[in-house]
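A.B. asks: Sending over a structure as C-alpha cells; questions will come in a sec.
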Amino acid sequence: MVKSESKIIVVTSGKGGVGKTTTSAAIGAELARRGHKTVVVDFDIGLRNLDLIMGCERRVIFDFVNVIQNDANINQALIKDKRQENLFVLPASQTRDKDALNQEGVERVLTELKKDFAFIVCDSPAGIERGALMALYFADEAVVVTNPEVSSVRDSDRIIGVLNSRTKKAEQNQEVKKHLLITRYSQNRVQRGEMLSVNDVQEILAIPLLGVIPESTAVLNASNHGIPVTLGTPSDAKIAYQNAVAMLLGEEPLDASQKGWKSKLLGGLRLFNRSPA
C-alpha cells in the first residue's frame, strides 16, 4: 500500500552547474536527520555525480536503469547511508544514455519507493532533455535552483513553464508546488552590481522563496569529501540549507543569530517572502 504522506520532490534548474546535486544531497540528508525516511534518486543517466557527493561511489553495484530494466530489484540497487539510518541513494547508470529511462519504468520504480519512503528527492539533470523531463513528470513539489545571474534565472523561468505544462499534475489540472532556492549568493557582489539581488530574482521568477545559500567554500569542501553539506561541519551554507528544509516542511527556520552566522542573510526569509505592498 502506498503511504499517503509520501512526497516526490524534484530538484531542478534550466542551467548546469548551479548546485542541483549538492542541493539534492543536502536536502535529502537533512530530511533524514530530522527523522524522515528519505531516498535521493539520481536521474542524470550517463554522468552520475550524486554518489560522489553522498560518498558512496565505491558501493554502487546496481543502479536506477538496472531496476527499470528488471536486471535488479529496488533493494539490490538502494545504498544505505552509513551516517544517517533514514537516508538512502538510488544511483544513476554511468554507462547508459538517457534513452534508457521510460515513463512506465520510472513510474514503477517511484511507486515501489513510495511504499517505504516518506520523501523521494529526485536529482534532475539540467535543461529539458529526456532525463530531466522524466524527473519532473511525477513531481509533487519542485525546488527550482538558480544562481543570481541573468542566464541562470532565464533558464529557470523556462523550467517553471515546463513544470506548469508537462507534468502529470498539469495533465490532471493540478499544480506542482514550486519553491525557489538561490545558490552562490554574495551580498557584496550584489552591492557591486555583479549579480542580481534576491528581490530581482523573485520578481523575475515569481515563485515563493525557499532559501538563499551563500557563496561558501564549505560547499566545495563537503562535496570533495563526499559529505552532504547538512551533515558536514558548521558553516553558513549548512545553516542556510537547514533553514530551507525547515521551510520546506512548513516549520520555522533556525534562529541563525544564535548560531553566530550571518543572520541578516540566513534568517531573513520572512522579509524576502513578503508580498509587495
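The values are calculated or read from the model by the stated rules, or taken from the named source; none is laboratory data. Everything numeric here is computed off the predicted structure, so don't read it as measured data. Positions of Cβ are backbone-derived with ideal geometry, glycine not excepted, and every protein chain shown enters the neighbour counts. Areas reflect the complete protein model, heavy atoms only, side chains present, ligands, DNA and RNA absent. Shrake-Rupley method; radii C 1.70, N 1.55, O 1.52, S 1.80 Å.
A.B. asks: Checking Ser151 against (1) of a type in the set (Ser, Thr, Tyr); (2) touching a strand residue (DSSP E or B) at 6+ places or on another chain (Cβ under 7 Å); (3) open to solvent by 10 Å² or more (accessible area, probe 1.4 Å), only one condition comes out false. Which one?
C.D. replies: Here Ser151 clears every test but (2).
A.B. asks: Could you run through region 146-167 and say how many residues are among the charged types (D, E, K, R), more than 26 Å from Glu107 (Cβ to Cβ) and in a helix (DSSP H, G or I)?
C.D. replies: 3
A.B. asks: Condition first: part of a strand (DSSP E or B) and closer than 19 Å to Gly131 by Cβ. Now tell me which residues in region 72-96 satisfy that.
C.D. replies: Result: Val89, Leu90.
A.B. asks: I'm checking my understanding of the structure. Among residues of region 204-230 that are at pLDDT 95 or above and part of a helix (DSSP H, G or I), which one is surrounded by the fewest Cβ atoms within 10 Å (Cβ to Cβ)?
C.D. replies: Taking the candidates together, the pick is Ile204.
A.B. asks: Counting only residues that are modelled with pLDDT of 95 or more and part of a helix (DSSP H, G or I), how many does region 180-198 have?
C.D. replies: Qualifying residue count, region 180-198: 1.
A.B. asks: Quick test of your reading of the structure: Ile8 fulfils all but one of (1) farther than 27 Å from Asn147 by Cα; (2) of a type in the set (A, V, I, L, M, F, W, C); (3) not in a helix (DSSP H, G or I). Name the failing condition by number.
C.D. replies: Going through the list (1) farther than 27 Å from Asn147 by Cα; (2) of a type in the set (A, V, I, L, M, F, W, C); (3) not in a helix (DSSP H, G or I), Ile8 breaks only (1).
A.B. asks: Another question, if that's okay. Checking Ala170 against (1) open to solvent by less than 10 Å² (accessible area, probe 1.4 Å); (2) of a type in the set (Gly, Ala, Ser); (3) not in a strand (DSSP E or B), only one condition comes out false. Which one?
C.D. replies: (1)
A.B. asks: So, one more: What are the residues in region 231-254 that are without any contact (Cβ under 8 Å) to a residue 12 or more places away in the chain and either within 20 Å of Leu87 (Cα to Cα) or in a strand (DSSP E or B) (or both), if any? Lay out the reasoning, then the answer.
C.D. replies: Kept after step one, since they are without any contact (Cβ under 8 Å) to a residue 12 or more places away in the chain, are these residues of region 231-254: 246, 250-252.
Listed by number, the list holds a single entry, Ala246.
A.B. asks: Would you pick out the residues in region 25-49 that are within 18 Å of Asn221 (Cβ to Cβ) and open to solvent by less than 30 Å² (accessible area, probe 1.4 Å)?
C.D. replies: Hits for region 25-49 are Ala25, Ala26, Ala29, Glu30.
A.B. asks: OK, next. Filter region 50-71 for residues that are open to solvent by less than 70 Å² (accessible area, probe 1.4 Å), not in a helix (DSSP H, G or I) and not aliphatic (A, V, I, L, M) and give the result.
C.D. replies: Residues satisfying the conditions are Gly55, Cys56, Phe62, Asp63.
A.B. asks: Let me ask something else about it. From the residues in region 105-145 that are outside any loop (DSSP other than H, G, I, E, B), modelled with pLDDT under 95 and open to solvent by 10 Å² or more (accessible area, probe 1.4 Å), which one is farthest from Gly35 (Cα to Cα)?
C.D. replies: That would be Arg130.
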